[in-house]
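In what follows, a single structure is set out as structure tokens and then discussed.
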Amino acid sequence: MDAKILAVANQKGGVGKTTTAITLGGALARMGKGVLLLDLDPHACATLHARIYPENVQLSLYDLFLAEETSWFRLWRSIIHPGALCTMDVAPSCIRLSELEVDFRERRAKGSVLAHSLTTIRDKYDYIVLDCPPHVGILLVNALVAADLLIIPIQTDFLALHGLKLLFDTLHTLHKALGRPILYRAVPTMYDKRAKACTRVLELMRRKMGNSKFATIIGVDTHFREASALGGTIYDIDPHSRGALAYAALAEEVVHLW
Ligand SMILES: Nc1ncnc2c1ncn2[C@@H]1O[C@H](COP(=O)(O)OP(=O)(O)OP(=O)(O)O)[C@@H](O)[C@H]1O
Ligand SMILES: [Mg+2]
């Protein structure tokens, strides 16, 4: 069966996108699913988290975006680092991805390059998780066009919903262009029930997003930082920690969507 493609995106920075992509991917992998993690952020945080360093990256997703269609399948095999992170395969980013906006100026059908190239490897995985950069641009559009589900991590903090309109405007434009809506679900992150601002934002999310929100709430957990320092996932640190259990619950919700 073809993999389901999960794009993790929010143009706001530092809301837990990379943590969600890595930990949800890790939770799915622990359920026995075949997972490929794609780092679409030129800052390469997920790549570095997987201990893949720029000096060891011969080929990255940047090369794939620029390649001829006929070489996609061969390129994927060279780009993907098998089992790089907690049994997940990882396709690394590189800083040159930030040049794609300029490189793609004349490119036709530039929003669907990733979607098309993924068709050549989609049957090899159960889930392909895309870690998106914190801005709206050609990389985000490629991720959204490819995605079966957009997961929007929303930090339960002051101004959390501010700026989301830009993402929803992009979704709306793509809906019209593709002739189909893009399925999305928000997930509250870094929730601290003792903080008034957190409970207020969560209440606001419940009111505004209703069914478009996962039931799972991701709480604050210091194990996430430890996991990135060690180059693993929170499941390598403490699989019974609150953060680990929350993302396991999120993975259950994701699996039951289809
Ligand atoms: N639930 C959590 N509890 C505690 N710390 C967290 C949690 N989620 C993420 N963090 C920490 O918050 C910081 C930002 O998280 P992350 O890198 O996942 O955000 P991001 O949205 O990918 O950021 P960017 O927009 O820069 O790509 C990281 O140091 C991460 O370890
Ligand atoms: Mg990130």
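For (1) of a type in the set (K, R); (2) within 22 Å of A27 (Cα to Cα); (3) surrounded by 18 or more Cβ atoms within 10 Å (Cβ to Cβ), each residue gets a yes or a no:
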position	(1), (2), (3)
H162	no, no, no
D169	no, no, no
T173	no, no, no
P181	no, no, no
T189	no, yes, yes
R194	yes, no, no
G210	no, no, no
I218	no, yes, yes
P239	no, yes, no
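Every condition in (1) more than 11 Å from ligand 2 (Cβ to nearest atom); (2) at pLDDT 95 or above holds for Q58 except the one numbered (2).
Please go through region 218-230 and give me each residue that is of a type outside the set (S, T, N, Q) and either without any contact (Cβ under 8 Å) to a residue 60 or more places away in the chain or in contact with an Asp or Glu (Cβ under 7 Å, 6 or more places away or on another chain) (or both), ordered by number.
In the first step, residues of region 218-230 are kept if they are of a type outside the set (S, T, N, Q); the result is 218-221, 223-227, 229-230.
Answer for region 218-230, where residues must be of a type outside the set (S, T, N, Q) and either without any contact (Cβ under 8 Å) to a residue 60 or more places away in the chain or in contact with an Asp or Glu (Cβ under 7 Å, 6 or more places away or on another chain) (or both): G219, V220, D221, H223, R225, E226, A227, A229, L230.
Exactly one residue out of F65, F104, F73 is surrounded by 13 or more Cβ atoms within 10 Å (Cβ to Cβ), of a type outside the set (D, E) and touching a residue at least 40 places away in the same chain (Cβ under 8 Å): that is F65.
For region 148-158, state whether one or more residues are within 16 Å of ligand 1 (Cβ to nearest atom), in a helix (DSSP H, G or I) and crowded, with 20+ Cβ neighbours inside 10 Å. No, region 148-158 contains no residue that is within 16 Å of ligand 1 (Cβ to nearest atom), in a helix (DSSP H, G or I) and crowded, with 20+ Cβ neighbours inside 10 Å. Is it the case that some residue within region 2-10 is within 16 Å of ligand 2 (Cβ to nearest atom), farther than 16 Å from C86 by Cβ, surrounded by fewer than 24 Cβ atoms within 10 Å (Cβ to Cβ) and touching a residue at least 40 places away in the same chain (Cβ under 8 Å)? Among the residues of region 2-10, not one is within 16 Å of ligand 2 (Cβ to nearest atom), farther than 16 Å from C86 by Cβ, surrounded by fewer than 24 Cβ atoms within 10 Å (Cβ to Cβ) and touching a residue at least 40 places away in the same chain (Cβ under 8 Å), which makes the answer no. Contact map, region 178-195: residues that are in contact (Cβ under 8 Å) with a residue 24 or more places away in the chain and assigned to a loop (DSSP other than H, G, I, E, B) paired with residues that are surrounded by 15 or more Cβ atoms within 10 Å (Cβ to Cβ) and hydroxyl-bearing (S, T, Y), Cβ distance under 7 Å, separation 6+ or inter-chain. Pairs shown: M190/T156.
Within region 21-59, take every residue that is of a type in the set (S, T, N, Q) and crowded, with 24+ Cβ neighbours inside 10 Å and give me the one that is farthest from ligand 1 (Cβ to nearest atom). Checked region 21-59; the qualifying residue farthest from ligand 1 (Cβ to nearest atom) is T47. The residues of region 166-208 that are among the aliphatic types (A, V, I, L, M), within 15 Å of I154 (Cα to Cα) and within 20 Å of the chain's Cα centre (by Cα), listed by number, are L166, L167, A186, V187, M190. Scanning region 73-83 finds one or more residues that are within 18 Å of the chain's Cα centre (by Cα) and closer than 22 Å to E226 by Cα.
The values are calculated or read from the model by the stated rules, or taken from the named source; none is laboratory data. Not measured: the values here are computed from a predicted model. Note that we place each Cβ from the backbone using ideal geometry, even for glycine, and neighbour counts take in every protein chain shown.
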